[in-house]
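K.L.:
Sharing a structure with you now.
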Amino acid sequence: MSLAQFAWQGVLRVAGVALAVAGFAAHALAQAPAQAPARTSAEVAGNRISSAALPEDRLQARQTELLAAMLRDPANLDIAFEYATVSARLGDYEAAIGTFERMLIYAPGLPRIQLELGVLYYRLGSFDAARSYFEAALQAPDVPAEVEQRVQTFMAAIDNAEEPAKFSATVVSGLRWQSNANAGPGGRLVTLNGVNFLLDDTAVGRADWNVFVAGNIHAAYDLGTQGDLLEADLLFYGGRYFDTTRLNSELAELTFGPSFNLARFDIDNARFGVYGIFSGVRLDDTNYSGATGFGARVAAQPSLRSALTAKLEYRYRWFRDSAVYPTVSNRNGYQILAEAAHSYQLTDDWSARLTVLGDYENAAALFEQSWELGAGIGATYRFASPVDMIEAPWSLDWDAGYIRRQYDQPDPAVSRTESQRDNEFWVRSGLTVPLRADVALALSAEFRRLQSNYQTRDYSNTSVTLSVVKAF
């Protein structure tokens, strides 16, 4: 295997881990109470029910019991309130709204009930109805300070949601140590076409430190047509190594295109998007590769606990030969990538995810042409901060994955009879500590093992990353 292939795999691996850390930390920040509108008493009550480890079927049974009790005693506001909170917890917003509106008949003008109704309509995206209830809550005499503060928070959220153009970003910067930064083999002695060779020091796996900056910038513009958007995402990564400076790299990818609200086809909480792709990589302070292409993706939320995403992408890629990497143009060709992911909120504290992928890489040299299939599983545990000064919950992430990779033809420099075959495994764990609503500290560790029938491809790598994540 050439030096260029070590470098290419190293760039993608490090950038991928950095962006994964950014994604986990961004999710943790989004879950922090100060980041989202404050929860109402109904939502808090619902969380108390779930914290008692009641599964969804038990909540549904409780909802049925409360409905029967409410029909027997419709004037009992305590029963009605619990029924509404359980219904909201189950995502049955219509039932919760109907119950709270009936409660206003028995107790008109209650600002807390008006607040609850405003929040439910906000969750449904009915901002006009939500605003009317919030304004009514503020007009009531002797509005509790807590209610007024929450109403103002949601009113600001409505104003922001109604803006046609929206921008957000997550940026992570940090320090990373790797036991095998260049993804090189563990020993210098290798066998190529039955002959023993001694690799030079630059081709053997080497430990190193690097500093990096990575992130994602997202922009969306509401087209004013039933929730359709024009969306753009810019992913970027830049890293500088302490010793192996030929791995210094910059990577950027821009996707841009419309996404359509599928509610017009009676598919709620789902979007379909098409987009163009433009990307480039610089390596060792010179242009290394570029790509253009297009893709399509679907995102859906079948329930409050479940989310599905899937994408299919085509890229045409070209590589630029250089003095350090003189044969990378062998990789010129197209790539087809398919990926699907499912995440599920098991409890208030635990969530799980599953990802499957398939990838085909066409190349000018058939020994660089390959396909791969893989899968990954992961889990996140959120827990109360053990430090009094930090109010937001911390989170622990675990991930593991496997990829099977097969090349089309033997590489004549390595073997005249056997094509390259790889089995790649990894495990990763991370801790995210939100220091405030928009800043988190992340610590992660990963072990990666690639088993290959080509000795020059076989390697293992352990890495530890400390980073700071900022959300905008």
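The values are calculated or read from the model by the stated rules, or taken from the named source; none is laboratory data. Remember, predicted model here, so these are calculated numbers, not experimental data. Note: ideal-geometry Cβ built from the backbone for every residue, glycine included; neighbour counts use all protein chains shown. We work out accessible area using only protein heavy atoms, side chains counted, and drop any ligands, DNA or RNA first. Shrake-Rupley method; radii C 1.70, N 1.55, O 1.52, S 1.80 Å.
K.L.:
Pick from region 321-342 the residues that are at pLDDT 95 or above and of a type in the set (Gly, Ala, Ser): which of them is farthest from the chain's Cα centre (by Cα)?
P.N.:
Initially, region 321-342 is screened for residues at pLDDT 95 or above, giving 332-342.
Add one more test, that the residue is of a type in the set (Gly, Ala, Ser), and what stays is 333, 338, 340-341.
Details: 333: 28, 338: 16, 340: 12, 341: 10 Å.
The residue in question is 333.
K.L.:
Working only within region 343-355, note down all residues that are of a type outside the set (S, T, N, Q), at pLDDT 95 or above and open to solvent by less than 70 Å² (accessible area, probe 1.4 Å). Give the steps one after another, and end with the answer.
P.N.:
Initial filter on region 343-355 (of a type outside the set (S, T, N, Q)): 344, 346, 348-350, 352-354.
The next check asks that each one be at pLDDT 95 or above; those that pass are 352-354.
352, 353 - these are the residues of region 343-355 that are of a type outside the set (S, T, N, Q), at pLDDT 95 or above and open to solvent by less than 70 Å² (accessible area, probe 1.4 Å).
K.L.:
Could you give me the residue pairs with C-beta distances under 7 Å whose first residue belongs to region 133-149 and is touching a residue at least 12 places away in the same chain (Cβ under 8 Å) and closer than 16 Å to residue 117 by Cβ, whose second residue is open to solvent by 50 Å² or more (accessible area, probe 1.4 Å) and not aliphatic (A, V, I, L, M) wherever it lies, and which are 6+ apart or on separate chains?
P.N.:
From residues that are touching a residue at least 12 places away in the same chain (Cβ under 8 Å) and closer than 16 Å to residue 117 by Cβ, the pairs are 138/148; 147/112.
K.L.:
Hey, another quick one. Is there any pair linking a residue in region 58-81 that is farther than 22 Å from residue 104 by Cβ to one that is open to solvent by less than 70 Å² (accessible area, probe 1.4 Å), with Cβ under 7 Å and at least six apart or on different chains, and which?
P.N.:
59/49; 59/86; 59/89; 59/90; 60/90; 62/86
K.L.:
Can I ask one more? Considering only region 207-218, state which residues are open to solvent by 10 Å² or more (accessible area, probe 1.4 Å), of a type in the set (A, V, I, L, M) and within 16 Å of the chain's Cα centre (by Cα).
P.N.:
Of everything in region 207-218, just one residue is open to solvent by 10 Å² or more (accessible area, probe 1.4 Å), of a type in the set (A, V, I, L, M) and within 16 Å of the chain's Cα centre (by Cα), namely 217.
K.L.:
Going by the structure shown, is residue 446 open to solvent by less than 40 Å² (accessible area, probe 1.4 Å), within 24 Å of residue 319 (Cα to Cα) and of a type outside the set (S, T, N, Q)? Walk me through how you get there before you give the answer.
P.N.:
On the way: open to solvent by less than 40 Å² (accessible area, probe 1.4 Å): yes; within 24 Å of residue 319 (Cα to Cα): no; of a type outside the set (S, T, N, Q): yes.
Judged against the criteria, residue 446 is not a match.
K.L.:
Under the condition of being hydrophobic (A, V, I, L, M, F, W, C) and at pLDDT below 80, which residue from region 83-109 is most open to solvent (accessible area, probe 1.4 Å)? Write out each step before concluding.
P.N.:
First, pick out the residues of region 83-109 that are hydrophobic (A, V, I, L, M, F, W, C): 84, 86, 88, 90, 95-97, 100, 103-105, 107.
The next check asks that each one be at pLDDT below 80; those that pass are 90, 107.
Working: 90: 40, 107: 19 Å².
The selected residue is 90.
K.L.:
Could you tell me which numbered condition residue 427 fails, if it satisfies all but one of (1) more than 22 Å from residue 204 (Cα to Cα); (2) surrounded by 14 or more Cβ atoms within 10 Å (Cβ to Cβ)?
P.N.:
Single failed check for residue 427: (2).
K.L.:
Output the number of the condition that residue 457 fails; it satisfies all remaining conditions of (1) free of Cβ contacts under 8 Å to residues at least 60 places away in the same chain; (2) in a loop (DSSP other than H, G, I, E, B); (3) surrounded by 17 or more Cβ atoms within 10 Å (Cβ to Cβ).
P.N.:
(1)
K.L.:
If the requirement is being closer than 22 Å to residue 123 by Cβ, among the basic types (Lys, Arg) and under 17 Å from the mean Cα position of the chain (by Cα), which of these qualifies: 271, 297?
P.N.:
Details: 297 fails: closer than 22 Å to residue 123 by Cβ.
When all the criteria are applied, what remains is 271.
K.L.:
Could I ask something else about it? Determine whether residue 398 is touching a Gly at 6+ places or on another chain (Cβ under 7 Å), open to solvent by 20 Å² or more (accessible area, probe 1.4 Å), within 30 Å of residue 329 (Cβ to Cβ) and not in a loop (DSSP other than H, G, I, E, B).
P.N.:
Spelling it out, it is not the case that residue 398 is touching a Gly at 6+ places or on another chain (Cβ under 7 Å), open to solvent by 20 Å² or more (accessible area, probe 1.4 Å), within 30 Å of residue 329 (Cβ to Cβ) and not in a loop (DSSP other than H, G, I, E, B).
K.L.:
So, residue 431, is that one closer than 28 Å to residue 167 by Cα and part of a strand (DSSP E or B) or not?
P.N.:
Working: closer than 28 Å to residue 167 by Cα: yes; part of a strand (DSSP E or B): yes.
For residue 431, the condition - closer than 28 Å to residue 167 by Cα and part of a strand (DSSP E or B) - is met.
K.L.:
Which condition from (1) modelled with pLDDT under 80; (2) open to solvent by 10 Å² or more (accessible area, probe 1.4 Å) is the one that residue 166 breaks?
P.N.:
Failed condition: (1).
K.L.:
OK, next. Under 26 Å from residue 231 (Cα atoms), out of contact with any strand residue (DSSP E or B) (no Cβ under 6 Å at 6 or more places or on another chain) and not hydroxyl-bearing (Ser, Thr, Tyr): is that true of residue 156 in this structure?
P.N.:
Working: under 26 Å from residue 231 (Cα atoms): yes; out of contact with any strand residue (DSSP E or B) (no Cβ under 6 Å at 6 or more places or on another chain): yes; not hydroxyl-bearing (Ser, Thr, Tyr): yes.
Judged against the criteria, residue 156 is a match.
K.L.:
Under the condition of being open to solvent by 40 Å² or more (accessible area, probe 1.4 Å) and either more than 17 Å from the chain's Cα centre (by Cα) or free of Cβ contacts under 8 Å to residues at least 60 places away in the same chain (or both), which residue from region 230-251 is nearest to residue 166 (Cα to Cα)? Can you show your working first?
P.N.:
Kept after step one, since they are open to solvent by 40 Å² or more (accessible area, probe 1.4 Å), are these residues of region 230-251: 230, 234-236, 240, 242-243, 245, 250.
After this cut, where a residue has to be either more than 17 Å from the chain's Cα centre (by Cα) or free of Cβ contacts under 8 Å to residues at least 60 places away in the same chain (or both) as well, the list is 230, 234, 236, 240, 242-243, 245, 250.
Numbers: 230: 10, 234: 14, 236: 19, 240: 32, 242: 38, 243: 41, 245: 38, 250: 27 Å.
If we take residues in region 230-251 being open to solvent by 40 Å² or more (accessible area, probe 1.4 Å) and either more than 17 Å from the chain's Cα centre (by Cα) or free of Cβ contacts under 8 Å to residues at least 60 places away in the same chain (or both), then 230 is nearest to residue 166 (Cα to Cα).
K.L.:
Just checking, how many residues over region 310-344 are charged (D, E, K, R) and in a strand (DSSP E or B)?
P.N.:
5
K.L.:
If we keep just the residues of region 401-422 that are assigned to a loop (DSSP other than H, G, I, E, B) and not hydrophobic (A, V, I, L, M, F, W, C), which is surrounded by the fewest Cβ atoms within 10 Å (Cβ to Cβ)? First the steps, then the outcome.
P.N.:
Restricting attention to region 401-422, the residues satisfying the condition of being assigned to a loop (DSSP other than H, G, I, E, B) are 411-418.
Next, only the ones that are not hydrophobic (A, V, I, L, M, F, W, C) stay: 411-412, 415-418.
Numbers: 411: 24, 412: 11, 415: 18, 416: 10, 417: 7, 418: 12.
Residue satisfying both the conditions and the ranking: 417.
K.L.:
Out of 394, 371, 350, 398, which single residue is in contact (Cβ under 8 Å) with a residue 40 or more places away in the chain and not polar (S, T, N, Q)?
P.N.:
On the way: 371 fails: in contact (Cβ under 8 Å) with a residue 40 or more places away in the chain; 350 fails: in contact (Cβ under 8 Å) with a residue 40 or more places away in the chain; 398 fails: in contact (Cβ under 8 Å) with a residue 40 or more places away in the chain.
Only one candidate passes the filter, namely 394.
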